[in-house]
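Shown next, in structure tokens, is the structure this report addresses.
The values are calculated or read from the model by the stated rules, or taken from the named source; none is laboratory data. Worth saying up front: this structure is predicted, and the values here are computed from it rather than measured. With ideal geometry, Cβ positions are generated from the backbone for all residues, glycine too; neighbour counts draw on all protein chains shown.
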């Protein structure tokens, strides 16, 4: 093996070509580059889990031991299943397994309820008899959350390396940059002063631009200026929120469920008021 590889070559091999390509694609989509890349990575993971991962006994047991997915990732998985397999039943199988475990918890609860007693000071405290705990606490150790955290740490490292490339750095200077949380994570973990300076400078430009647009947005709500045409400032509140806390959560599965189960308003007969 050739041991005379330069540092750039070694770094690229370590970071992974797919991660680099994912970040480059995310940069072109707009918004925080890491948030965008993580959203794509999570969707691919959930798709892969439903398509084949859940068929592994080891993976399925890990899923069940963690209490299944958290609320957000369960609904995302359901949404992805509806998009890719109209009559998919993977989520139904997972829910069946979790509900079977919940029944065992309920049986234990009826045999040994978690009693509370009062002492002479009238302070409520747990009875010594109630030593049993629920085996299933839904979503507490969501495996998708763990995967997402690992992906975030890895992509943050890859981004630091990519910013040393002149082409990517130039594209980054004209992008939305990073959200505030990922900026703070970069400041904690990055060793490259040049990369950190670049993201900091771009963030300052983005914040000043947002402040200008937010003020213009508010000005045009004044009755004296309502006649003026709307511009980019009209999306500034959404972009400001994205910078502060990240993009809106993908809740497509939940929204479909809500629309399907929400009561529809009764239609009134013609001519009625």
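Could you say whether any residue in segment 97-113 is closer than 26 Å to residue 40 by Cβ and either modelled with pLDDT under 90 or touching a strand residue (DSSP E or B) at 6+ places or on another chain (Cβ under 6 Å) (or both)? No: zero hits. Taking the criterion of being closer than 27 Å to residue 238 by Cα, under 22 Å from the mean Cα position of the chain (by Cα) and surrounded by fewer than 14 Cβ atoms within 10 Å (Cβ to Cβ), would at least one residue in segment 30-37 satisfy it? Checked segment 30-37: at least one residue is closer than 27 Å to residue 238 by Cα, under 22 Å from the mean Cα position of the chain (by Cα) and surrounded by fewer than 14 Cβ atoms within 10 Å (Cβ to Cβ).
Checked against (1) modelled with pLDDT of 95 or more; (2) assigned to a helix (DSSP H, G or I), residue 254 passes all but condition (1). Just a yes or no: is a residue in segment 1-19 on the phi > 0 side of the Ramachandran plot, buried (at least 18 other Cβ atoms within 10 Å of the Cβ), assigned to a loop (DSSP other than H, G, I, E, B) and modelled with pLDDT under 95? Taking every residue of segment 1-19 in turn, none turns out to be on the phi > 0 side of the Ramachandran plot, buried (at least 18 other Cβ atoms within 10 Å of the Cβ), assigned to a loop (DSSP other than H, G, I, E, B) and modelled with pLDDT under 95.
Can you run down the residue pairs with Cβ atoms below 8 Å, 6 or more apart or on separate chains, where the first is in segment 184-199 and without any contact (Cβ under 8 Å) to a residue 24 or more places away in the chain and the partner is surrounded by 13 or more Cβ atoms within 10 Å (Cβ to Cβ) and not in a helix (DSSP H, G or I)? If the second residue must be surrounded by 13 or more Cβ atoms within 10 Å (Cβ to Cβ) and not in a helix (DSSP H, G or I), the pairs left are 196/190. Within segment 203-231, the residues that satisfy the criterion of being in contact with a helix residue (DSSP H, G or I) (Cβ under 6 Å, 6 or more places away or on another chain), buried (at least 17 other Cβ atoms within 10 Å of the Cβ) and under 20 Å from residue 30 (Cα atoms) are 203, 210, 213. If you filter segment 139-154 down to residues that are outside any helix (DSSP H, G or I) and surrounded by 14 or more Cβ atoms within 10 Å (Cβ to Cβ), you find that the one that is modelled with the highest pLDDT is 142. Filtering 244, 178 for residues that are within 18 Å of the chain's Cα centre (by Cα), in a loop (DSSP other than H, G, I, E, B) and modelled with pLDDT of 95 or more leaves a single hit, 178.
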